[in-house]
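Q: Have a look at the structure that comes next, please.
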């Protein structure tokens, strides 16, 4: 059989070319028969989720609440198609979030750090503007800053993912209908480096501006264009959020944001595309923060429940659930189950613990702060090791594990038997779940750039590859 040409790739799509050429038939029909039947696309990203993170969140829910996670339950019941995906970037085996999201957002592998700009400087058109031009509504939802790498990969073009102010401006220029997350600092004139009042500019183009959870109750938030930022930076970790009354009152959960976004965007009879990201799962993994990690994964799973409740009541919505890369490869080691169960009683994250500690803190202050957040009584030696790491004098053979966040993670690992191999992204092939029209084109192993082609084909949007 001859190899498909680039022209064939663009005409029929990489996935259909591959599967039809291989004679694949799924559920009695070829993948191409579903082409164009998806009115809506919802793309969900648990940023930085290793397989151990998915497992531990599910185990936590089974042991604490006597129920499985939505993700695993839908695997068990055969509702979701399951694949593995290669997420390498153009220049690294281990991708970063901007290159990962751009691979989905424009159909090309690019270098780490860039957003939809190719290795030779090409500006690739992102998927949200393509869907916009096809008459569909567009939206981005995240618990990170709304200008962060993952949402930006679906809508922006910048040489560096750090250009948050430029990304916020491009969202306005590109008429993205709905933006919900953190990142006030990139919109507020008192915080932007150029003093530009992006909120006023959004409002002048008909956007409702939300800065507080209560602002989402307005009819304008539910039916019109919307920009909402609920923190100067990222939204709070779920574990801190649910145990801080003022945060509960002012900051919506990811599930609440996803539900509002779907209700808003689905009013377009032509359909919509929406990306939903659990952005702080990645941050917790970087920080070896087991409480932050598991509870934010559970919050993402709650959003999965909202999305599937919408999609499974209809036959016109493609849902993709995945991650952009693993991070730190956490897991529960062999030990008494009760050690893991203690995490369910945590009230705050490692980030909360470290916030009030410094190199002048006493051993007693370290121990008291950890016990206040976790209920665990750590030893004097453990507290001293943490203070040594803050002072930069803590040593170990593996130098990636000498930072204060890594040492705090190891201290809690002594009591919960959950551990991390480092604090960085990993090259793992990642979990990919899908549902709805177009998902039948996904085989057992997928390349990241295939999802761009899949979304366009499923929605019946011609080519779209710049």
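The values are calculated or read from the model by the stated rules, or taken from the named source; none is laboratory data. Please read all numbers here as calculations on a predicted model, not as lab measurements. Every residue, glycine as well, gets a Cβ built from its backbone with ideal geometry; the counts of neighbours run over all protein chains shown.
Q: Here are 329, 288, 339, 270: which of them is modelled with pLDDT of 95 or more and touching a strand residue (DSSP E or B) at 6+ places or on another chain (Cβ under 6 Å)?
A: Only one candidate passes the filter, namely 329.
Q: So, residue 335, is that one outside any helix (DSSP H, G or I) and either assigned by TED's automatic domain parsing to the domain that holds residue 281 or surrounded by fewer than 19 Cβ atoms within 10 Å (Cβ to Cβ) (or both) or not?
A: Answer is yes for this residue.
Q: Residue 95: part of a strand (DSSP E or B), crowded, with 23+ Cβ neighbours inside 10 Å, in contact with a strand residue (DSSP E or B) (Cβ under 9 Å, 6 or more places away or on another chain) and at pLDDT 95 or above, yes or no?
A: Working: part of a strand (DSSP E or B): no; crowded, with 23+ Cβ neighbours inside 10 Å: yes; in contact with a strand residue (DSSP E or B) (Cβ under 9 Å, 6 or more places away or on another chain): yes; at pLDDT 95 or above: yes.
No.
Q: Please note which helices (runs of 4 or more DSSP H) are completely contained in the stretch 199-305 and include at least 2 residues that are in contact (Cβ under 8 Å) with a residue 12 or more places away in the chain, assigned by TED's automatic domain parsing to the domain that holds residue 178 and surrounded by 18 or more Cβ atoms within 10 Å (Cβ to Cβ).
A: Numbers: elements: 219-223, 238-242, 245-250, 254-265, 280-286.
Output list reads 238-242, 254-265, 280-286.
Q: Turning to a different aspect of this structure: If I filter the stretch 407-418 for residues that are surrounded by fewer than 16 Cβ atoms within 10 Å (Cβ to Cβ), within 30 Å of the chain's Cα centre (by Cα), farther than 30 Å from residue 97 by Cα and not assigned by TED's automatic domain parsing to the domain that holds residue 44, do I get at least one hit?
A: For the stretch 407-418, residues surrounded by fewer than 16 Cβ atoms within 10 Å (Cβ to Cβ), within 30 Å of the chain's Cα centre (by Cα), farther than 30 Å from residue 97 by Cα and not assigned by TED's automatic domain parsing to the domain that holds residue 44: present.
Q: A further question follows. Pull out all pairs, ordered by first then second residue, where Cβ-Cβ is under 7 Å, the residues are six or more apart or on different chains, the first lies in the stretch 101-117 and is without any contact (Cβ under 8 Å) to a residue 24 or more places away in the chain and not assigned by TED's automatic domain parsing to the domain that holds residue 455, and the second is surrounded by fewer than 24 Cβ atoms within 10 Å (Cβ to Cβ) and in a strand (DSSP E or B).
A: As it stands, the answer is none, since no pair meets every condition given.
Q: Against the definition (without any contact (Cβ under 8 Å) to a residue 12 or more places away in the chain and more than 30 Å from residue 448 (Cα to Cα)), how does residue 342 come out, yes or no?
A: no
Q: Is it the case, given these coordinates, that residue 169 is assigned by TED's automatic domain parsing to the domain that holds residue 263 and either part of a strand (DSSP E or B) or surrounded by 19 or more Cβ atoms within 10 Å (Cβ to Cβ) (or both)? Write out each step before concluding.
A: Working: assigned by TED's automatic domain parsing to the domain that holds residue 263: yes; either part of a strand (DSSP E or B) or surrounded by 19 or more Cβ atoms within 10 Å (Cβ to Cβ) (or both): yes.
So residue 169 fits the description; yes.
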